[in-house]
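One structure is given here, and the rest of the page talks about it.
The values are calculated or read from the model by the stated rules, or taken from the named source; none is laboratory data. Fair warning: this is a prediction, and the values are worked out from it, not measured in the lab. FYI the Cβ positions are ideal-geometry reconstructions off the backbone, even for glycines, and counts take in every protein chain you see. Areas reflect the complete protein model, heavy atoms only, side chains present, ligands, DNA and RNA absent. Shrake-Rupley method; radii C 1.70, N 1.55, O 1.52, S 1.80 Å.
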Amino acid sequence: YNQGIGSHRISKQLGISKTTVLDYLRKLDINRRENNGNLQRKYDLDFSYFTEINTEEKAYILGILCADGSTYKDEYKVSIGLVEKDLPVLEFIKEQLGYTGPLYYNNRNSKNEKWQNTYTLSISSKQIWEDCQKWGLLINKTFKTTFPLTIPKGFYKDFIRGYFDGDGYVSKKGYRIELVGTEELLIEIANQIHFNTGYTWSYNRKRHPERNNNIITLVYAGKNKCKAIAEYLYPVDTLFGMKRKKDKLLSF
């Protein structure tokens, strides 16, 4: 470790867990290096990608990360996993970040036929991790996520589109759009939708009322509302979006 080999690589070489390695470092009173996520880097990455949210693509990716992403301080890691059919979204994010590392495949269906196989994109960078924190992508974000009002207003719709791709649902049967998230986040999304379309939500409900938390489901029902939201999120159909949800929205 003192020669510069990281705890993760040590754990792999010795066939033990990283936790065990860190336990030994503590017992031996060895000061741990600050892991900036760049040690022994094997792959290219645009470290400054999230320094500013100044493109539609960056706002979209921030949105889907706020829905489905995770951050871990121990390795300054940011990761996102999606089901196999949404692999093009991860490939888009990977390309945008200029990341040349692999996507990790998880054959979950072999363990349970009801589970879908997934792919995960995982990167380590102190700068990206800190920038994501700055824009609201927090550790253990489930009950903490709020709307990033500090990004330029012109990119609000792109953030919402990304968040919708992560934690949204659309059905042409019955014309219904739903979003799941913290009450603080979804109320601001509702404000933006109302300001830009003139429509308010049909109703909202506690996701799990018995758990007494701040997670709600926001519902828009009706053809006119769904059409207006589709036009707001996709003023031009060339904007990137998760294909299966984008196709349904554009069908409105």
Handout entry: Odd one out for TYR199, checked against (1) of a type outside the set (A, V, I, L, M); (2) in contact with a Phe, Trp or Tyr (Cβ under 8 Å, 6 or more places away or on another chain); (3) over 22 Å from ASP86 (Cβ atoms); (4) not in a loop (DSSP other than H, G, I, E, B)
Key = (4)
Exercise for the section: With the condition kept exactly as written, say whether any residue in the range 70-84 is in a loop (DSSP other than H, G, I, E, B) and among the hydroxyl-bearing types (Ser, Thr, Tyr). Expected result: yes
Handout entry: Hey, ASN35 touching a Phe, Trp or Tyr at 6+ places or on another chain (Cβ under 7 Å), modelled with pLDDT under 90 and more than 23 Å from THR150 (Cα to Cα) or not
Key = yes
Problem - Test set (1) at pLDDT 90 or above; (2) touching a helix residue (DSSP H, G or I) at 6+ places or on another chain (Cβ under 9 Å) - LEU90 fails condition number - result: (2)
Practice task
Considering each of GLU84, GLU113, GLU75 in turn, give the residue that is out of contact with any strand residue (DSSP E or B) (no Cβ under 9 Å at 6 or more places or on another chain) and more than 14 Å from PHE50 (Cβ to Cβ).
Solution key: GLU113
Exercise for the section: Scan the range 157-181 residue by residue and report those that are of a type in the set (Phe, Trp, Tyr), touching a helix residue (DSSP H, G or I) at 6+ places or on another chain (Cβ under 7 Å), surrounded by fewer than 21 Cβ atoms within 10 Å (Cβ to Cβ) and closer than 25 Å to PRO88 by Cα. Expected result: none
Exercise for the section: Tell me which residues, restricted to the range 158-184, are within 14 Å of the chain's Cα centre (by Cα) and in a helix (DSSP H, G or I). Expected result: ASP158, PHE159, ILE160, ARG161, GLY162, TYR163, PHE164, ASP165, GLY166, ASP167
Problem - Failed condition for LEU137, given (1) under 30 Å from CYS226 (Cα atoms); (2) out of contact with any Phe, Trp or Tyr (no Cβ under 8 Å at 6 or more places or on another chain); (3) open to solvent by 70 Å² or more (accessible area, probe 1.4 Å); (4) not in a helix (DSSP H, G or I) - result: (3)
Handout entry: Qualifying residues in the range 42-78 (those that are at pLDDT 95 or above and of a type in the set (D, E, K, R)) - the one farthest from the chain's Cα centre (by Cα)
Key = GLU52
Handout entry: From LEU103, LEU121, residue being surrounded by 20 or more Cβ atoms within 10 Å (Cβ to Cβ) and in contact with a helix residue (DSSP H, G or I) (Cβ under 7 Å, 6 or more places away or on another chain)
Key = LEU121
Handout entry: Residue list for the range 147-156, restricted to those being crowded, with 16+ Cβ neighbours inside 10 Å and either of a type in the set (Ser, Thr, Tyr) or touching a Lys or Arg at 6+ places or on another chain (Cβ under 7 Å) (or both)
Key = TYR156
